[in-house]
1. Could we say that residue 78 is within 16 Å of residue 50 (Cα to Cα), surrounded by 14 or more Cβ atoms within 10 Å (Cβ to Cβ) and over 13 Å from the mean Cα position of the chain (by Cα) here?
2. Please pick out the residue among 86, 107 that is at pLDDT 95 or above and within 14 Å of the chain's Cα centre (by Cα).
3. For region 27-75, which positions are closer than 18 Å to residue 123 by Cβ, surrounded by fewer than 16 Cβ atoms within 10 Å (Cβ to Cβ) and either at pLDDT 90 or above or touching a strand residue (DSSP E or B) at 6+ places or on another chain (Cβ under 6 Å) (or both)?
4. Taking residue 93 as meeting all but one of (1) modelled with pLDDT under 90; (2) under 14 Å from the mean Cα position of the chain (by Cα), write down the number of the exception.
């Protein structure tokens, strides 16, 4: 999937749960930034060579970010909780894939973020 295709995918509501509150391309063509305010966010591209930045505003409800498969995935995912509410942001590996050995990771506090890369089988926090 090319970067322009990814941006089109995101603008057309590529995150499950409805709309994206804003989409901005970074100056660096190897990066895409997305701000979401939905209950579930899913990124479906299977093979990538850029950064995906997901800013989650969980003010009104908890958010789950569903990761794509880690197999042959070269993207770096940066996921950040931007609000101070008690609602959480849950990051969920694809199927049985794990994130540092766990099937999910939870972000509870404002301005906390996780950066994830694939080892070809599962996701690692870096």
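The values are calculated or read from the model by the stated rules, or taken from the named source; none is laboratory data. The shown structure was predicted, so the numbers you read here are calculated from the model rather than taken from an experiment. Cβ atoms come from the backbone with ideal geometry, glycine included; neighbour counts cover every protein chain shown.
1. Numbers: within 16 Å of residue 50 (Cα to Cα): yes; surrounded by 14 or more Cβ atoms within 10 Å (Cβ to Cβ): yes; over 13 Å from the mean Cα position of the chain (by Cα): no.
No.
2. On the way: 86 fails: within 14 Å of the chain's Cα centre (by Cα).
Within the list 86, 107, the selection yields 107.
3. The answer is 71, and nothing else.
4. (1)
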